[in-house]
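In what follows, a single structure is set out as structure tokens and then discussed.
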């Protein structure tokens with residue numbers, strides 16, 4: 001199937017930071033979690049997709065269109081939910097919607113109203129009085145009302161309580177029902193993605209460490225816990241990252257069978273969480 | 001579930017359980033591989049006719065695995081075969 005979003009060799013240089021040959025793609029009908037530490041390059045990548053930053057090298061295609069040449073067409077079909085409010089604070093959402101709605105050819109007022117109702121958004125209060133969760137829900141209502149095929153969400157759950165986060169996840173799984181729409185969801189709260197994400201892309205220091213189906217990741221990596229005596233070098237080829245403590249070590253390994261043959265019954269092997277994978281992959285082999 | 005009963009679509013099930021579509025797809029694929037369900041392209045997935053039999057078999061397999069685990073555990077803590085047998089008999093009697 002043709003990808004809905006495709007990045008090839010995307011580069012961007014800043015004096016203190018650079019994105020280096022970032023490549024990944026997303027097919028219609030799926031949710032991709034875009035994870036990485038603060039400052040890893042998540043927001044920079046998203047801004048490049050939205051053409052809010054100038055691209056130094058590489059290519060970004062959204063719906064098969066070029067992110068720079070076809071920016072307007074792309075933005076008609078993309079819903080953008082940002083972690084900070086980007087609406088006029090002094091307006092009510094009713095007024096704000098009157099400003100933004102005319103920009104979209106596919107604006108569906110009825111659909112918009114139904115989300116305002118569902119999210120219980122007060123139409124007559126100024127946006128500046130809204131909580132973080134309400135602002136996020138408003139952005140989401142706007143994105144969904146213009147029938148966005150690609151939802152790009154930059155840290156949408158940061159600072160939100162578990163109830164609002166779970167509501168958001170519920171809506172996202174509804175959005176992808178028709179197999180036409182996709183979601184790119186950046187977050188450093190990996191527990192949001194543990195269940196719902198189909199693909200996980202990990203970025204670290206401006207480089208993509210992996211972009212794979214989540215199930216495959218959870219199968220390929222194994223969390224290992226054991227005593228110091230196991231660290232005699234035989235595990236070295238399989239260790240992705242580890243942390244030693246006074247009593248033993250905890251680490252992330254690949255190649256389950258080989259590892260099992262090495263350690264026998266002397267270590268505990270567990271399925272890692274995304275957080276374990278992210279931590280050990282970015283921390284590396286600290287010995 | 002009855003034989004030939006229609007299963008929910010992959011996407012609907014993923015949505016309702018709030019889990020990844022790919023995870024759900026894999027679950028269906030594995031059920032199909034085990035012969036518990038069959039898929040008709042364009043129609044959906046259905047429960048197999050002999051699924052009950054197969055389920056029975058896989059439960060027996062699971063039982064064997066668990067017993068094997070117990071044997072390995074017994075060996076690693078130095079419980080002899082005779083003691084293990086005796087323990088098993090005691091446990092069986094307790095159950096009944």
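Details
- Residue in the range A:176-186 that is surrounded by the most Cβ atoms within 10 Å (Cβ to Cβ), counting only those that are more than 9 Å from chain B (Cβ to nearest Cβ) and under 19 Å from residue A:214 (Cα atoms): A:183
- Residue B:11 vs. criteria at the interface with another protein chain (Cβ under 10 Å from one of its Cβ atoms) and under 17 Å from the mean Cα position of the chain (by Cα): no
- For the condition more than 18 Å from the chain's Cα centre (by Cα), in contact (Cβ under 8 Å) with a residue 12 or more places away in the chain, under 21 Å from residue A:187 (Cβ atoms) and away from chain B (no Cβ under 14 Å), residue A:34 does not qualify.
- Top-ranked residue of the range B:14-60 - restricted to ones that are under 23 Å from residue A:181 (Cβ atoms) and in contact (Cβ under 8 Å) with a residue 12 or more places away in the chain, ranked as farthest from the other protein chains (Cβ to nearest Cβ): B:44
- Residue, nearest to residue A:110 (Cα to Cα), within the range A:174-192, restricted to residues that are in contact with a helix residue (DSSP H, G or I) (Cβ under 6 Å, 6 or more places away or on another chain) and modelled with pLDDT of 90 or more: A:181
- Residue within the range A:130-149 that is more than 23 Å from residue A:180 (Cα to Cα) and not in a helix (DSSP H, G or I) present: yes
- Members of the range A:158-174 found to be within 19 Å of residue A:35 (Cβ to Cβ) and away from chain B (no Cβ under 14 Å), listed by number: A:158, A:159, A:160
- Residue count, the range A:78-108 (criterion: part of a helix (DSSP H, G or I) and under 16 Å from residue A:140 (Cβ atoms)): 5
- Residue selected from the range B:1-22 under the condition more than 17 Å from residue B:46 (Cβ to Cβ) and in contact with a strand residue (DSSP E or B) (Cβ under 9 Å, 6 or more places away or on another chain), by the criterion surrounded by the fewest Cβ atoms within 10 Å (Cβ to Cβ): B:22
- Among the residues of the range A:202-219, those identified as under 13 Å from residue A:281 (Cα atoms) and more than 14 Å from chain B (Cβ to nearest Cβ) are A:202, A:203, A:204, A:205, A:207, A:208, A:209, A:210.
- Residue match in the range A:223-242 (condition: on the phi > 0 side of the Ramachandran plot, surrounded by fewer than 17 Cβ atoms within 10 Å (Cβ to Cβ) and in a loop (DSSP other than H, G, I, E, B)): yes
- Residue A:264 being surrounded by fewer than 17 Cβ atoms within 10 Å (Cβ to Cβ) and either assigned by TED's automatic domain parsing to the domain that holds residue A:195 or modelled with pLDDT under 90 (or both): yes
- Counted as qualifying within chain B are the helices (runs of 4 or more DSSP H) with 1 or more residues that are within 24 Å of residue A:194 (Cβ to Cβ), namely B:10-17, B:21-33.
The values are calculated or read from the model by the stated rules, or taken from the named source; none is laboratory data. Note that the structure is a prediction, hence the values are computed from the model and not measured. Here the Cβ is made from the backbone with ideal geometry for all residues, glycine too, and neighbour counts use every protein chain on show.
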